[in-house]
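Q: Okay, here's the structure, questions in a sec.
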Amino acid sequence: MSILKVCRLGHPVLRLEAKRLPEEALSDPAVQTLIDNMMQTMIEYSGVGLAAPQVHESLAIAVIESHGSRGNIPMTVLVNPDVTILDEEFIEDWEGCLSIPDMRGQVPRWRRLRVDALDRYGNRLELIAEDFTARVIQHEFDHLMGKVYLDRMRDFKTLTHVAEFPRYWLPEQKGQG
């Protein structure tokens with residue numbers, strides 16, 4: 001497996017709608033290698049999700065995984081995902097992005113959704129996701145639609161560098177300094 005180069009905001013591939021894969025493409029060793037490399041890259045850079053456009057491939061593939069305090073998400077590969085919102089509740093919370101390094105911002109996201117996708121082997125997946133898992137899926141789905149979290153922010157006053165985040169934005173630290 002290889003660690004892939006992550007493109008940064010400004011690269012045109014991040015603003016393209018990713019191409020959906022024909023189901024038979026999942027048997028291509030190159031596609032399977034891309035998926036393996038995406039998983040390894042996400043882990044290497046301590047991400048909780050990575051979409052193929054972020055590694056210069058305009059394909060509708062995303063990988064997600066988290067074992068942190070915000071939520072436990074098993075390693076999941078989503079190919080050609082479709083997202084259906086299941087309620088009208090928004091939750092605003094902090095997000096970052098490997099393609100927008102060292103920045104964080106508050107982003108409103110739907111609280112609950114359903115994802116219909118293929119797994120890496122072409123099996124159909126239907127997932128109901130809530131809270132942090134729903135946030136991660138929406139973030140990666142946005143990448144597949146040519147969007148980044150900045151496009152969803154309501155107020156850029158919350159956009160902050162990670163060095164300033166704990167000093168000014170974490171509840172127990174806010175206002176100090």
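Q: For a quick size check, give me the Cα extents of the range 66-119 along its three principal axes, largest first, whole Å.
A: 32, 27, 22
Q: Based solely on its DSSP helices, what 222 nm [θ] is calculated for the chain when runs of n ≥ 4 H residues each add -39,500 (n - 2.57) and the sum is averaged over all residues, nearest 500 deg cm²/dmol?
A: -6000 deg cm²/dmol
Q: What number comes out for accessible area per residue over the chain if the probe is 1.4 Å? Units Å², please.
A: Using a 1.4 Å probe on heavy atoms only, each residue of the chain averages 52 Å².
Q: I'd like the orientation of helix 29-44 relative to the chain: the angle between its Cα long axis and the longest Cα principal axis, in ° from 0 to 90, rounded to 10.
A: 20 degrees
Q: Send over the Kirkwood Rh of the range 32-143, from the inverse of the averaged 1/r over different Cα pairs, rounded to one decimal Å.
A: Working: mean 1/r = 0.0707 Å⁻¹.
Result for the range 32-143, one decimal place: 14.1 Å.
Q: Just to be sure I understand the model, the point goes 7 Å from the Cα along the line to the Cβ. What's the resulting Leu170 to Ala30 distance in nm?
A: Result: 4.5 nm between the two label points.
Q: Something else about it: Given 5 Å bins starting at zero, what is the percent of C-alpha pairs of the range 1-41 in each, up to the one with the largest pair distance?
A: 5, 20, 18, 23, 25, 7, 1
Q: Whole number please: convex hull volume per residue of the Cα set in the range 1-81, in Å³?
A: Numbers: hull volume 8.0 nm³, N = 81.
Measuring per residue, one finds 99 Å³ for the Cα hull of the range 1-81.
Q: With a 1.4 Å probe and every protein chain kept in, tell me what percent of the accessible surface of the chain is carbon plus sulfur. Don't skip to the end; give the middle numbers.
A: Working: 4660 of 9260 Å².
Reported share for carbon and sulfur atoms: 50 percent.
Q: Further question: What net charge do the residues around Asp151 carry, taking every other residue with its C-beta under 10 Å from that of Asp151, with Lys and Arg at +1 and Asp and Glu at -1? Before the final figure, lay out each step's value.
A: On the way: positive: Arg15, Lys147, Arg152; negative: Asp142.
Local net charge: +2.
Q: I'd like the distance between the alpha-carbon centres of the range 82-124 and the range 10-74, rounded to an integer number of Å.
A: Cα centroid of the range 82-124 versus Cα centroid of the range 10-74: 14 Å apart.
Q: Scanning the chain for trypsin sites (Lys or Arg not before Pro) in DSSP loops with at most 11 other Cβ atoms within 10 Å, what's the longest stretch left with none?
A: Maximal segment without exposed cleavage sites: 6-173.
Q: Straight distance only, please: which aspartates and glutamates reach the Cα of Lys157 with their own Cα at less than 15 Å, same-chain residues fewer than 8 apart left out?
A: Glu92, Asp93, Glu95
Q: I would also like to ask the following. Explain nothing, just the number: relative contact order of the chain, from Cα pairs under 8 Å at least 6 residues apart, as a whole percent.
A: Taking the mean separation of contacting Cα pairs over the length of the chain, I get 22 percent.
Q: Helix 131-144 sits at what angle to the longest principal axis of the chain, using alpha carbons and giving 0 to 90 degrees rounded to 10?
A: 60 degrees
Q: Run the 1.4 Å probe and let me know the accessible area of Leu26, rounded to the nearest 10 Å².
A: Number for this one is 10 Å².
Q: Here's another thing I want to ask about it. Which GluC sites (Glu not before Pro) from the range 68-177 combine a DSSP loop assignment with at most 13 other Cβ atoms within 10 Å? Each step should come with its number before you reach the end.
A: Details: sites: Glu88, Glu89, Glu92, Glu95, Glu126, Glu130, Glu140, Glu164, Glu172; in loops: Glu88, Glu89, Glu164, Glu172.
Those satisfying the criteria are Glu88, Glu89, Glu164, Glu172.
The values are calculated or read from the model by the stated rules, or taken from the named source; none is laboratory data. Since the model is a prediction, treat every value here as computed from it, not as a measurement. With ideal geometry, Cβ positions are generated from the backbone for all residues, glycine too; neighbour counts draw on all protein chains shown. Accessible surface areas use protein heavy atoms only, side chains included; no ligands, DNA or RNA. Shrake-Rupley method; radii C 1.70, N 1.55, O 1.52, S 1.80 Å.
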